[in-house]
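Here the structure is laid out as structure tokens; the discussion comes afterwards.
The values are calculated or read from the model by the stated rules, or taken from the named source; none is laboratory data. What you see is a predicted model, and the numbers here were worked out from it, not measured in a lab. All Cβ positions, glycine included, derive from the backbone under ideal geometry; neighbour counts span all protein chains shown. With ligands, DNA and RNA removed, areas are computed over all heavy atoms of the protein, side chains included. Shrake-Rupley method; radii C 1.70, N 1.55, O 1.52, S 1.80 Å.
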Amino acid sequence: MPNRPRPSEDDALAAVRTLIEWAGDDPDREGLLDTPRRVVKAYRELFAGYEADPREYLERTFEEVAGYDELVILKDIRVVSFCEHHMLPFLGKAHVGYLPSDRVVGISKLARVVHGFARRLQIQEKLTAEIAEAIQDILKPKGVGVVIVSEHSCMTMRGVNTPGSRLTTSSLLGAVRDDSRTRQEFFDLVRSDA
């Protein structure tokens with residue numbers, strides 16, 4: 001991203017006021033008086049992924065794994081992100097797995113990586129790849145698998161209006177992609193209720 005100065009909070013508040021007026025309402029109406037401040041506060045939280053490098057969450061690892069060399073999978077990580085094309089939310093779940101080589105990471109760090117990349121303007125395909133590549137680059141496992149399934153508001157509440165439609169994306173690297181048995185095990189574990 002280009003390194004450009006960030007607009008001030010006052011600029012953001014004014015922009016929200018302008019959008020309220022553009023929509024046809026009065027930003028000075030009692031029910032809307034505090035809306036610009038609430039929207040700016042919500043956006044600060046929803047776009048917190050720009051404040052830190054999610055890859056840093058993976059840097060603290062554990063080498064005492066007692067020879068464990070099977071898949072590690074964290075399922076059903078809630079994804080809350082915003083489509084960069086319409087700035088509308090997409091919500092879903094991520095399933096993240098890796099085949100460790102000689103170290104593992106605390107499982108909460110996998111969720112933090114997902115949240116860190118998701119809390120930005122995104123497209124789901126890029127989000128899926130960024131998560132997988134970060135795990136591969138930092139942990140250097142034998143393989144990585146990431147699957148995200150989500151519902152996009154830009155599809156369900158506007159445009160083509162198809163509520164209930166879900167987009168599934170995957171990114172497979174290393175042994176999870178190249179070894180058919182490992183790939184099948186990853187997908188079986190992601191699909192299972194266990």
Query raised in the report: Hey, got the dipole for the chain? About the Cα centre, +1 on K and R Cβ, -1 on D and E Cβ, debye to the nearest 20?
Result: 180
Query raised in the report: What's the percent breakdown of Cα-Cα distances in segment 132-188 across 5 Å bins, shortest bin first?
Result: 4, 18, 20, 15, 12, 10, 11, 8, 1
Query raised in the report: So what is the relative contact order for segment 42-139, in percent, with contacts set as C-alpha pairs under 8 Å and at least six apart?
Result: 39
Query raised in the report: Which residue, chosen from VAL104, HIS85, PRO54, occupies the Cα position most advanced towards the positive end of the dipole of segment 1-117, where the dipole is computed from +1 (Lys, Arg) and -1 (Asp, Glu) charges on Cβ about the Cα centre?
Result: VAL104
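Relative contact order, percent, of the chain when contacts are C-alpha pairs under 8 Å separated by at least 6 residues?
19
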Query - 0 to 90° range, to nearest 10: angle between helix 9-23 axis and the chain longest Cα axis - result: 70
Query raised in the report: Using the Cβ atoms and a cut-off under 11 Å, what net charge is assigned to the surroundings of PHE117, where Lys and Arg are +1 and Asp and Glu are -1?
Result: +2
Query - Charged-residue dipole, Cβ positions (Lys, Arg, Asp, Glu), segment 49-140 about Cα centre, Debye nearest 20 - result: 380
Report task. Add +1 for every Lys or Arg and -1 for every Asp or Glu among the other residues with Cβ under 13 Å from the Cβ of ARG78, and state the total. Result -> +2
Query - Principal axis box of the chain, alpha-carbon based, largest edge first, Å - result: 64, 36, 30
Query raised in the report: To the nearest 10 degrees, how steep is helix 35-46 against the longest Cα principal axis of the chain, on a 0 to 90 scale?
Result: 10
Query raised in the report: Which percent of the accessible heavy-atom area of the chain goes to carbon and sulfur, probe 1.4 angstrom?
Result: 51
Query raised in the report: Quick one: which of 123-133, 79-89 comes out on top by average Cβ neighbours within 10 Å, and what's the full order, highest first?
Result: 123-133, 79-89
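Quick one: accessible area per residue over the chain, 1.4 Å probe, rounded to a whole number of Å²?
Here the residues of the chain average 60 Å² of exposed surface.
Ranked from the most accessible area to the least, with a 1.4 Å probe and all protein chains present, what is the order of TYR68, TYR98? Show your work: numbers first, answer last.
Working: TYR68 100, TYR98 0 Å².
Result of the area sort, largest leading: TYR68, TYR98.
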Query - Crossing angle, helix 107-118 versus the chain [Cα axis fit, 0-90 degrees, rounded to tens] - result: 40
Requested in this report: Find how much the distance from GLU56 to GLU125 grows on full extension, using 0.36 nm per residue of separation minus their present alpha carbon separation; answer in nm with one decimal.
Outcome: 22.7 nm
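I want the local charge near HIS95. Using Cβ-Cβ distances under 12 Å, sum +1 for each Lys or Arg and -1 for each Asp or Glu among the other residues.
With Lys, Arg at +1 and Asp, Glu at -1, the net is +2.
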